[in-house]
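These notes are about the structure you will find just below.
The values are calculated or read from the model by the stated rules, or taken from the named source; none is laboratory data. Small disclaimer: the values here were computed from a predicted structure and weren't measured. Virtual Cβ from ideal backbone geometry, glycine too; neighbours counted across all protein chains shown.
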Amino acid sequence: MPAITLDQAKAHLNVTFDADDALLTDKLAAAKAWVGAYTASNPDTDGTPAPVNEAVLQLTAHLYANREASLVGVTASELPFGFLDLLAPYRAFAF
C-alpha cells in the first residue's frame, strides 16, 4: 500500500478546507514517526501493510483532535481504541 498523503489524512478526518494543512502535515509526520519507532519500520514507504496505515491515520486523527496533554471535563484516552491491536503483529521488540 502506498505511503499516506496529506489528502488521505484529510479524507480520513473529513477535513475539506486547507487552513489546517500545515498542522495536519505535522500531525501526520508525528504519527508516522511514532508508528515507525514502534514497529521499527518506515510507514512512509510503499508496501506498508494496511493495518499499519490505518494506525497512522487513527493516530493522526487523535493528535489533531486532542492537541493538549490534558483535557478537563471529558473522558480522554492516551491512544485511539484498537490502535495498538492494529500494530501488534508488526511490533518490534528490542532488549
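Please go through segment 63-82 and pick out each residue that is surrounded by fewer than 17 Cβ atoms within 10 Å (Cβ to Cβ) and either under 12 Å from the mean Cα position of the chain (by Cα) or at pLDDT 95 or above (or both).
Those that are surrounded by fewer than 17 Cβ atoms within 10 Å (Cβ to Cβ) and either under 12 Å from the mean Cα position of the chain (by Cα) or at pLDDT 95 or above (or both): Ala65, Leu79.
Can you name the residue in segment 43-55 that is at pLDDT below 90 and surrounded by fewer than 19 Cβ atoms within 10 Å (Cβ to Cβ) and, of all such residues, is nearest to Leu13 (Cα to Cα)?
Of everything passing the filter in segment 43-55, Asp44 is nearest to Leu13 (Cα to Cα).
Looking at (1) at pLDDT 95 or above; (2) touching a Gly at 6+ places or on another chain (Cβ under 6 Å), which is the one condition that is false for Leu24?
Going through (1) at pLDDT 95 or above; (2) touching a Gly at 6+ places or on another chain (Cβ under 6 Å) one by one, Leu24 breaks only (2).
Taking segment 1-45 as the region of interest, how many residues are in contact (Cβ under 8 Å) with a residue 40 or more places away in the chain, assigned to a loop (DSSP other than H, G, I, E, B) and under 13 Å from the mean Cα position of the chain (by Cα)?
Counting residues in segment 1-45 that are in contact (Cβ under 8 Å) with a residue 40 or more places away in the chain, assigned to a loop (DSSP other than H, G, I, E, B) and under 13 Å from the mean Cα position of the chain (by Cα) gives 4.
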